[in-house]
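The values are calculated or read from the model by the stated rules, or taken from the named source; none is laboratory data. Since the model is a prediction, treat every value here as computed from it, not as a measurement. Every residue, glycine as well, gets a Cβ built from its backbone with ideal geometry; the counts of neighbours run over all protein chains shown.
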Amino acid sequence: MAAGDAAVPVVELSYQGLSGMTGAHIDTIRERLPHLGLDIEHEDGDAVRVEYSPNRPDYSTEYGIGLGLQGILGRETGIIPLRVAPPGWSIRADDSVAGVRGAVTGVRATGGTLDGHSLRQIISMQEDIHQGLGRGRRRVAIGIHDAGRMKPPISYTTVYGEHAFTPLEHNREMSILDIMRETKQGVRYGGLVSGERYPVIMDSAGRVASMPPVINSAHTAITEGTRDVFVDITGHRTIDVERALAVVCITLQAAGFALECVGVSGAGNRTPPLDEREMSVGLDMINGTLGLAMTAGEAAACMGRSRLGAHPDGDMIRCVIPPYRFDIMGPMDLVEEAALGYGIDRMEPVPPPGRPPGRAHHTTVQLAALDRIMTGLGYTQAASPVLAGEGAMAMAGMGGGMRVANPKSGAHTMLRTSLLPGLLDILGRNVHEPYPHRLYETGWVFERHGTAVESLRLGCVTAHKDASYSEIKSTIHAVLRRGLGLEGVSTPPASGPAYQPGRTAAVWAGGRRVGMLGEVSGDILRAFRLREHTRVAAFEMDVELIFGGLEGKGAL
């Protein structure tokens, strides 16, 4: 079983396409992809699927990865400047968009040609930005259009729900209200712009190109053979839409298009600057962190292989950072770029001098003991992220967690307060696997007591048609009494937010309350998409309290 993580983006590449961009042999490309921080998920002939970091949306296409490979292979190094011609087209935002979805920007791309492969790459980039940087289109939505079917200047305004146009993948005009009710995209994203008036991108002939962030118009749909592309990007903050624009620009430029700036005005918007940034890092910091002895010139060359502009200035490296590399926020990020440019494969681990050999921490020894007990009872170890989504915690009937400032993914917005939601999510993602499912996890959870207080817990679920309170209670006794030798184990009735009333108990051991057990309520099982006749029993215990009860007993 695998937990799966919908927030991890995957892009499909062509080995031949990458070879054409880099001039490298396919075997060399296969070897070097992981050195860009990419995980090869699957290969099928010429096609390869790779996972990339959500922090690198410029890697959402074969074109962006090809540019990275050019650098790390030494074929082309240094910064890739965005070559943007002066404004030809313009977007004017009406004041009415300010209270709905006020930020807008765009670009026009000409002189290239979309074929089937490049069209799939561009659409894949669009959807990955929607889900990552765009937080499910809440922050950013991108419309990609055939500019040959539009008449500038472009306006960004709002209309009433009775306004009609033909939405993408449909063949008849529909009112906006009908689009919201009857189309898949309208049902999914309509709630992001609910109100009396709805934002639209419209050309000077009054034809709707898109209704952000919901759906584009069929009239301006891009197809194989499209040579003139117009891109609109909308959101709530200028910084978000301009970051997305920078990624779109480098991708279209690498795909063979010439970029033309779009003048943007109205409702507090501006023509996008697409500026490069400058940042410096000390040579001592690079060498001290990486354990190397590079000269300033060598370090600058490493930065160049990571496609940054860099030159030595005494003991400092002055770097120029392109606008689509907004993941670089401080000097340590530049150290990482130096490491990638140097080559992770060239680094050799060196043990620190004068220190005694390490040994396992006592917590590691204790957790290994729990692993042996749980696997001996027939349970499989699982692992879920410490950062949880508010939706998963709410589905498990739990709240009150602490939100993370500036989360990188909409699926990881708060510190988890329990292991149970993660385990239930894994069960819900694996309903196609044969039952019974028995999982356990040890991990950190966080509670608010003035500040964040962390505790190490053991969670366990058993799922099948006959899972019961009795089964999970017997598992508790097997772990605490027979496995760890704890005395005074009892399970008096209790109540908990995730459990069935009357089928829940507190767990006491060694004179202290260490956790809870019970049958998970039917409402929560349905929320996690478990099958109708599946029952789940679970427990969760504080590992530190459990092992605190073993002090002096010699159980481990």
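Details
- The range 207-250, subset touching an Asp or Glu at 6+ places or on another chain (Cβ under 8 Å) and of a type in the set (Ser, Thr, Tyr), residue nearest to Phe326 (Cα to Cα): Ser210
- Filter result (of a type in the set (Lys, Arg) and either in contact (Cβ under 8 Å) with a residue 12 or more places away in the chain or farther than 30 Å from Ala310 by Cα (or both)) within the range 335-393: Arg355, Arg359, Arg372
- Enumerated strands (runs of 3 or more DSSP E) restricted to the range 153-227, each holding at least 1 residues that are assigned by TED's automatic domain parsing to the domain that holds Asp240, in contact (Cβ under 8 Å) with a residue 60 or more places away in the chain and small (Gly, Ala, Ser): 154-160, 208-211
- Filter pass, Thr363 being of a type in the set (S, T, N, Q), closer than 25 Å to Tyr435 by Cα and either assigned to a helix (DSSP H, G or I) or more than 32 Å from the chain's Cα centre (by Cα) (or both): no
- Just one of the listed residues (Gly510, Gly428) is farther than 22 Å from Leu525 by Cα, touching a Leu at 6+ places or on another chain (Cβ under 8 Å) and crowded, with 17+ Cβ neighbours inside 10 Å, and it is Gly510.
- There is no residue in the range 283-293 that is touching a strand residue (DSSP E or B) at 6+ places or on another chain (Cβ under 9 Å) and touching a residue at least 60 places away in the same chain (Cβ under 8 Å).
- Looking at Arg448, Arg535, Arg512, Arg481, just one residue is at pLDDT 90 or above and either among the charged types (D, E, K, R) or over 29 Å from the mean Cα position of the chain (by Cα) (or both), and that residue is Arg535.
- Test for Pro331: is it under 28 Å from Glu242 (Cβ atoms) and either of a type outside the set (Phe, Trp, Tyr) or assigned by TED's automatic domain parsing to the domain that holds Phe539 (or both): yes
- Filter pass, Ser204 being touching a Pro at 6+ places or on another chain (Cβ under 6 Å), surrounded by fewer than 17 Cβ atoms within 10 Å (Cβ to Cβ) and closer than 19 Å to Val104 by Cα: yes
- Residues satisfying the stated conditions in the range 239-282, i.e. out of contact with any strand residue (DSSP E or B) (no Cβ under 6 Å at 6 or more places or on another chain) and hydroxyl-bearing (Ser, Thr, Tyr): Thr251
- Scanning the range 165-200 for residues that are touching a Pro at 6+ places or on another chain (Cβ under 7 Å), buried (at least 19 other Cβ atoms within 10 Å of the Cβ) and more than 14 Å from Ala218 (Cβ to Cβ) turns up Tyr189, Val193, Pro199.
- Every test in (1) outside any loop (DSSP other than H, G, I, E, B); (2) touching a Pro at 6+ places or on another chain (Cβ under 9 Å); (3) more than 17 Å from Met294 (Cβ to Cβ) is passed by Ala369 save one, and that test is (2).
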